[in-house]
Structure formats: structure tokens, C-alpha cells
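The values are calculated or read from the model by the stated rules, or taken from the named source; none is laboratory data. Just so it is clear, the structure is predicted and the values come from calculations on it, not from any experiment. Positions of Cβ are generated from backbone atoms using ideal geometry, with glycine treated the same way; all protein chains shown enter the neighbour counts. Surface accessibility is based on the protein's heavy atoms, side chains included, excluding ligands, DNA and RNA. Shrake-Rupley method; radii C 1.70, N 1.55, O 1.52, S 1.80 Å.
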Amino acid sequence: CQSLAASIMNRSSIAIHKEFREKNLDAHIMMQIHDELVVNCKDSVAEEAAAIVKHHMENTVSIATGLVAEPSVVNHFGEGHE
């Protein structure tokens, strides 16, 4: 299971980074914590960046159970873990 999860995270991260670059968004993956990504971006693109992250986290790999990703848009790291 851990190997599959790691593969999903890696593939999703690559796809997210690629789309950020293609759309010229000022958004960057800052770190990965287990099955979470921390993305740093301007407020003006936060919702678009969250939608891109959600899409790739849920659709980069297809598994029978499906995948659900719920992005949280917060102002600083501590808010995302309350």
C-alpha cells in the first residue's frame, strides 16, 4: 500500500507542477507530508491552484476504490493542521 501511495503522490506532483508551469501560475509545491502536498501561491490564484491539485490527486492514477482529495486553502501552514 505504501508503495502505491508513494507512486500516486509522485505522479500527481509531477502533473501538478507541469500544469502550474503550463498555465504560468505563481504556485509551487513546497513539500510533501505523507499523503499531503503543501503548495505556496498568491491569494489571487489559490482557488485555481487548489482545483489543479484536486484534479491531479484524484485522477492521475485510476484505482478501483477511487481517490478523494480535499484541498484546504489557508494563510499559513499551522492553519492547515488545526
When residues of region 62-82 are filtered for being at pLDDT 90 or above and either surrounded by 12 or more Cβ atoms within 10 Å (Cβ to Cβ) or within 15 Å of His17 (Cβ to Cβ) (or both), how many remain? 5
Residues in region 19-30: is at least one in contact with a strand residue (DSSP E or B) (Cβ under 7 Å, 6 or more places away or on another chain), in a helix (DSSP H, G or I) and surrounded by 14 or more Cβ atoms within 10 Å (Cβ to Cβ)? yes
Positions within region 31-61 being in contact (Cβ under 8 Å) with a residue 12 or more places away in the chain, open to solvent by 80 Å² or more (accessible area, probe 1.4 Å) and of a type in the set (A, V, I, L, M), in sequence order: none
Only unsatisfied item for Ser13, checking (1) touching a strand residue (DSSP E or B) at 6+ places or on another chain (Cβ under 8 Å); (2) modelled with pLDDT under 90; (3) among the small types (Gly, Ala, Ser), is (2)
